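Notes follow once the structure below has been shown.
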Amino acid sequence: MAGILIVDDNANIRRLLRSFVETNTVFEICGEAENGPEGIEKAKELEPDLILLDMTMPGMHGTEAASILKQLLPRLKIILFTLHTDGVNQALASTFDIDVVISKTEAITTLREHLIALLTPVDSATRATDTKNTKVN
């Protein structure tokens, strides 16, 4: 498994996401980027299984980066983070071929479950859940 690439312009958010993934899941972080263009370059280089992508970044929005990333790596899974908690999330997901859209306010409480659902093969989903059965609140 290549792992997870974190793309967010806030270094503290990247650090928080890395720490959360490494301590609460069996998945590994393969890299970080601080903006859309850098994220696209790192994705081409690292070929991650999943990208945790911020929606609002200077220069290139996450939705624009997601479209480019899906063209380059069609099997790539993308979780888009947004501050917006209105009903736009599902519209964003389908419009930009994003797998999951999560508001930043709910992200930590649901991130582990979304990672397991997107990255664990069906026959080993139980094993991944049992390996790190850490409840997140």
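The values are calculated or read from the model by the stated rules, or taken from the named source; none is laboratory data. Bear in mind the structure is a predicted one, so any value in this text is a computation, not a measurement. Don't worry about glycine lacking a Cβ; one is built from the backbone with ideal geometry, like all the others, and counts go over all protein chains shown.
Odds and ends about this structure:
- Annotation note: Cβ proximity below 8 Å between a residue of region 52-66 that is more than 16 Å from Glu32 (Cβ to Cβ) and a residue that is of a type in the set (Phe, Trp, Tyr) (sequence gap 6+ or interchain) occurs for Met55/Phe81; Thr63/Phe96; Ala66/Phe96.
Each row is one residue, and each column tells you yes or no for (1) at pLDDT 80 or above; (2) more than 18 Å from Asn10 (Cα to Cα); (3) in contact with a strand residue (DSSP E or B) (Cβ under 6 Å, 6 or more places away or on another chain).
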site	(1), (2), (3)
Met60	yes, no, no
Leu73	yes, yes, no
Leu76	yes, yes, no
His114	yes, yes, yes
Val122	no, yes, no
Thr131	no, yes, no
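- Search result, residues across region 10-32 that are of a type in the set (D, E, K, R) and farther than 17 Å from Leu69 by Cα: Arg14, Arg15, Arg18, Glu22, Glu28
- Residue satisfying all of: in region 10-42; surrounded by fewer than 16 Cβ atoms within 10 Å (Cβ to Cβ) and among the hydrophobic types (A, V, I, L, M, F, W, C); farthest from the chain's Cα centre (by Cα) among these: Ala11
- Test result for Thr23, in contact with a Ser or Thr (Cβ under 9 Å, 6 or more places away or on another chain), within 22 Å of Ala117 (Cβ to Cβ) and hydroxyl-bearing (Ser, Thr, Tyr): yes
- For region 29-44, the set of residues classified as among the acidic types (Asp, Glu) and within 23 Å of Arg112 (Cα to Cα) consists of Glu32, Glu34, listed by residue number.
- Selection count, region 45-83, where residues are of a type in the set (Lys, Arg) and either surrounded by 15 or more Cβ atoms within 10 Å (Cβ to Cβ) or within 17 Å of Arg112 (Cβ to Cβ) (or both): 2
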